[in-house]
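Every number here is computed from the coordinates shown, using simple stated rules; none is lab data. Treat the numbers as computed from the prediction; the structure is a model and nothing was measured. Using ideal geometry, Cβ is built from the backbone for each residue, glycine included, and neighbour counts are taken over all protein chains shown.
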């Protein structure tokens, strides 16, 4: 099923906390990801466009496991990819409005669940001027990556908040599936819902209004102009 376009409608929900994906959600690193994975795809005889499209939201080790030819050492291939991702911040920048949005959360609990390694995640966050949260679930923290829900379940556990009270910001089908399987509501960062299920979308964080609940600084009402399914 293809991506779903949207048009404006009101969307508002009370939440007890937030979980964010990293790449494509808080940090724009698409240029770097396409350069590194495209080069690797050509090296191992895969179609770059197809490999990149299938890899959004997934861990490097899972990409290598799926696409590495039998005559190559997957551990060496992963190490080379990790080194290329780690050595460059070319084209990496914060998603529009992300810094101000996070600042507006006050005491509302939030964290990150990413398919990137912890060291790389922290480096990218520092590079774009975004804070490193107390709760950060990285690739090495779970046995199975997205679309498996393990990462988001761990994020909820570390925040101490039931999954049904959490809102997840995601951009990739694998991450959306993981969050939904964990029992969480999802808001898509981008103009289209790549899962094709008509989820609410936002172009950037300036669209989101945060209102902390009176006398309850750890709960908030989030609202935006919602996107509805359009042919």
### Message
Of all beta bridges DSSP finds with both residues in the stretch 96-231, what is the antiparallel percent, to the nearest 5?
### Response
35
### Task
Please give the helix 30-43 orientation as an angle from the longest Cα principal axis of the chain, in degrees from 0 to 90, rounded to the nearest 10.
20
### Summary
Most fluctuating of 75, 108, 26 in the GNM of the chain (C-alpha, under 10 Å) is 75
#### Entry: Range of Cα positions in the stretch 109-207 per principal axis (Å), largest first
34, 27, 22
### Projected label distance in nm at residue 209 and residue 107, using a 7 Å step from Cα toward the beta-carbon
2.4
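Any idea what diffusion coefficient the chain gets from Stokes-Einstein, in µm²/s, Kirkwood Rh on alpha carbon pairs, 37 °C, 0.692 mPa s?
Rounded, D is 182 µm²/s.
Is it possible to state the helix-based mean residue ellipticity at 222 nm for the chain, with each DSSP H run of 4+ residues giving -39500 (n - 2.57), the sum divided by total residues, to the nearest 500 deg cm²/dmol? What is it?
Details: 8 runs with 81 residues, N = 231.
About -10500 deg cm²/dmol.
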### Mean separation of Cα contacts under 8 Å, 6 or more apart, over the residue count of the stretch 132-231: relative contact order %
18
### On Cα atoms only, tilt of 150-159 relative to the major axis of the chain in degrees
40
### Query
Expressed as an acute angle from 0 to 90° and rounded to the nearest 10, what is the orientation of the C-alpha long axis of helix 118-128 relative to the principal long axis of the chain?
60
#### Entry: Beta bridges by DSSP in the chain, antiparallel share as percent, to the nearest 5
55
### Message
Using the basic label-point model (7 angstrom from Cα toward the beta carbon), what is the residue 76 to residue 100 distance in nanometres?
### Response
5.0
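Can you give the relative contact order of the chain as a percent, counting alpha carbon pairs under 8 Å and 6+ residues apart?
Values: 474 pairs, mean separation 77.6, N = 231.
Over the chain, the number comes to 34 percent.
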### Message
Testing the spin-label approximation: label points 7 Å from Cα along Cα→Cβ at residue 66 and residue 191. State their distance in nm.
### Response
2.6
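Could you tell me whether the stretch 13-141 comes out rounded, prolate or oblate from its Cα gyration tensor? Rule is a ≥ b ≥ c as square roots of the eigenvalues, rounded for a/c under 1.5, then prolate if a/b exceeds b/c, otherwise oblate. The partial results should precede the final answer.
Details: a/c = 2.32, a/b = 2.07, b/c = 1.12.
Prolate, since a/c reaches 1.5 and a/b exceeds b/c.
Which value does Rg/Rh take for the stretch 30-87 over its C-alpha atoms, Rh per Kirkwood? Could you put the intermediate results ahead of the total?
Working: Rg = 10.2 Å, Rh = 11.2 Å.
Rg/Rh: 0.91.
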#### Entry: Extension gain (nm, one decimal) between residue 181 and residue 50, 0.36 nm per residue minus Cα-Cα
44.6 nm
